[in-house]
Ligand SMILES: [Zn+2]
C-alpha cells in the first residue's frame, strides 16, 4: 500500500517503493499519486462555497480576479458554481484543499508551522502576512488540507522548554530525540540558536498550546475573535506553582487561580479601541524556576455599534468640569482588584422579569450630546422601568459606592471580585450602604430619573479590569 505524506518542503513523499516510482511521484502533484484518472492540478485548490464570488475568492487569497479566472479557464464570473474546484495561482509547492480555520490563542508562527508541517515561509506566503506577528489569535488561517483526510491535520509534537544553562544537545539526549531533527523541526540554524525558556517541538502527541512553555498544559482566550466592548477570558492550566503576569491593550491582566486550579484573567476590551491587532503578552516563571515570555497578536474586531440620534440634555451634565471629576471617581471606585471571586454562574437581570428584554438603549452606542462630536458612547445597558420599580443585585458582592452624583444620579456600585463590578444608576432610592454584602437577586434600590436622563430607567454597567463592557454578554454566558 502506498503511503503519502507531506514533508516540510510540501512535496509528496512515497515510502516503501522503488526509487523510480518515488522520482515519478515527486514530479506529480499529491492527488495524482492517489487517483490515476484525475488530471493533475497545478497547486492547491479551493472549493467554492455558497456565498462566494470570484472577487471574494481573489481577495481572500490575494490574487487578481484576472489571474484567478485565467488559471481556471473562467470567461464569465457568473459561471461560478458551489462545489467547483478552483486552482489558486501563485502557490506552487503546495497541494490539497485550501481551508480556513481560526488561529487559537497560545500559538505562534513557529508552532503553527510545526503543527501543520508547513514551513514558516510558505505559511506567511499562503496567508499574505506582511509580519510574522500576524499569526494572531482569532484571525483566520488558510492551510492546505490533504484530500484524503478532509479534516485539519494536527501533527504537532510534544513541547519541551529549554532550561537555563541547558544546551539543545542535552535536551535532545534527555528526551531521546536526534538533535539534528530537533533543530530542523524547529527551523533552528544551529544548536545555539535556541534560548532558555524557548518552546521546542518533539515528536509525539500533545493537545497543549503550541507556543507556550511545556509547563503550561492548556491555554485559551475564549470568545475569539475579540470584539470591541466585550470581555476576554484568558485561561491557563499549569503544572506546579507558577508566577504569571500578563498585559493586553495596555492593561494588566489580573490572574487568579480558580477552585479547579485553572488560572483565569478577565479583562474588558474598550469599546472605542480601534479595531486591529494588539499583543497579548504573558511572562513569569515555571515551577522549576525557568523564566518564560510569550506574546501573540489578538485581533480585535469592530463591534459595529450604532450611532444614536444627537441627544439634548441639561448642559450641566455634559460640562467637562462636572463630568471629569465623576469619571475619575468612577475609575477610582472600580479599579481595586479583589482576589476573591464572589459570583458564580451568569449574572441575573437587575429588574423584574417583565422588563427583562426591554432595553431603551444598549451598550456601546456612539453618542453626541448637545451638538458635540460622536466622542461619547453609552457606557451601560438601559432597562425600562418606572420610578419605583425594583432593582436587584446582578450577582453576589460587596457595595463599594452608594451616593448621589451629577451624571449617574443616585448610584450604587457592587464589587464582585477579580476586578469585576456592576453599577446601577439614576435611582430614585438607594436601599444599601457601602460595606453591605449583597446576594444575587437582592433588592438594592428603585428605578428613578436622577442625573443625566430624559426619563426613568435603570442604567446598568458591568466594569471588568477598569473597562466598561457589554453587560448583555454577562447575562448570556457564565464567566469565567
Ligand atoms: Zn444608560
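Read the figures in this text as sums done on the coordinates, not as results from a lab. Bear in mind that the values here come from a model prediction, so they are computed numbers and not experimental data. Please note: Cβ atoms are built from the backbone with ideal geometry, for glycine as well, and neighbour counts cover all protein chains shown.
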How do the peptides 275-286, 302-313 rank, highest first, by the average count of neighbouring beta carbon atoms within 10 Å per residue? 275-286, 302-313
Just to confirm the number: angle between the C-alpha axis of helix 320-334 and the first principal axis of the chain, 0 to 90 degrees, nearest 10? 70 degrees
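Taking R0 as 25 Å, what's the FRET efficiency between residue 56 and residue 295 from their Cβ-Cβ distance, rounded to 0.05?
Working: r = 32 Å, r/R0 = 1.27.
Given R0 = 25 Å and the Cβ-Cβ separation, E is 0.20.
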Once each part is reduced to its C-alpha centroid, what is the distance from the stretch 114-149 to the stretch 427-458 in angstrom? 51 Å
For a paramagnetic label modelled at 7 Å from the Cα of residue 252 toward its Cβ, which residues of the stretch 260-295 fall within the zone defined by backbone nitrogen distances under 20 Å? 263-270, 279-286, 292-295
Okay, which of the stretch 73-112 sit inside 20 Å, backbone N to the point 7 Å along the Cα-Cβ direction of residue 477? 101-107
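Helix-only estimate, please: 222 nm mean residue ellipticity of the chain, summing -39500 (n - 2.57) across DSSP H runs of length 4 or more and dividing by its residues, to the nearest 500.
On the way: 10 runs with 80 residues, N = 480.
Value at 222 nm, helices only, nearest 500: -4500 deg cm²/dmol.
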When only Cα pairs under 8 Å and 6 or more residues apart are kept, what is the percent relative contact order across the chain? 11 percent
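Can you sort 354, 359, 424 so the residue with the fewest Cβ neighbours within 10 Å comes first?
Working: 354 10, 359 16, 424 29.
Exposure proxy ranking, most exposed first: 354, 359, 424.
Kirkwood-based Rg over Rh for the chain (C-alpha set), two decimals? Please report the intermediate quantities before stating the final value.
Values: Rg = 27.7 Å, Rh = 25.9 Å.
My calculation of the ratio gives 1.07.
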How high is the FRET efficiency from residue 117 to residue 344, r the C-beta distance, R0 56 Å, rounded to 0.05? 0.85
Work out the FRET efficiency for residue 79 and residue 102 from their Cβ-Cβ distance, taking R0 = 30 Å, and round it to the nearest 0.05. 0.45
